[in-house]
Amino acid sequence: MKITRLYTGSDGESHFSDMELSLEDTGNRGRRSELIKATGIIFRETGNEYNLDWHNASHRQFLLTLKGKVEIEIGDGTRRQFSSGDILLTEDTTGRGHISRTVGDQPRITAFVRLD
């Protein structure tokens, strides 16, 4: 399963990397990952005007986009969009951070699964 990691590099800037989350075949129950310990979950809805300037991730966490679309911009100008079904692992809790913008005219619903 493909996920995107957003992390702080040694240069103090946020970077993207693509990761593969290993899934094990469990027969008729499908494929699943190993257990990932989490400390809680938060659901958030933002309007289509949501635009958060440079900021860091508040915690190491998975962001699961349930509805809508967001664009994340990092320091070198790279932008990636995430929509329903995409998984983003945010680990850029230090450094300059990133910019988040809602894309389109629909509200966005996100689940934040805190890992620490």
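Derivation of every value follows stated rules applied to the coordinates shown; laboratory data play no part. Remember, it's a predicted structure, so these values are computed and weren't measured experimentally. All Cβ positions, glycine included, derive from the backbone under ideal geometry; neighbour counts span all protein chains shown.
Structural remarks
- Scanning the range 16-44 for residues that are in contact (Cβ under 8 Å) with a residue 60 or more places away in the chain, closer than 18 Å to VAL70 by Cα, surrounded by 11 or more Cβ atoms within 10 Å (Cβ to Cβ) and not β-branched (Val, Ile, Thr) yields a count of 2.
- Candidates are the residues of the range 85-116 that are within 25 Å of GLU20 (Cα to Cα) and acidic (Asp, Glu); the one that is surrounded by the fewest Cβ atoms within 10 Å (Cβ to Cβ) is ASP116.
- Restricting attention to the range 45-61, the residues that are touching a residue at least 40 places away in the same chain (Cβ under 8 Å), over 19 Å from GLY77 (Cα atoms) and exposed (fewer than 12 other Cβ atoms within 10 Å of the Cβ) total 2.
- Flag for ARG5 being in contact with a Leu (Cβ under 9 Å, 6 or more places away or on another chain), without any contact (Cβ under 8 Å) to a residue 12 or more places away in the chain and surrounded by 11 or more Cβ atoms within 10 Å (Cβ to Cβ): no
- Filtering the range 1-52 to residues that are in contact with a strand residue (DSSP E or B) (Cβ under 6 Å, 6 or more places away or on another chain), farther than 23 Å from ASP116 by Cα and of a type in the set (D, E, K, R) leaves ASP25, ARG31.
- Residues that are aliphatic (A, V, I, L, M) and touching a His at 6+ places or on another chain (Cβ under 8 Å), drawn from the range 1-51: LEU6
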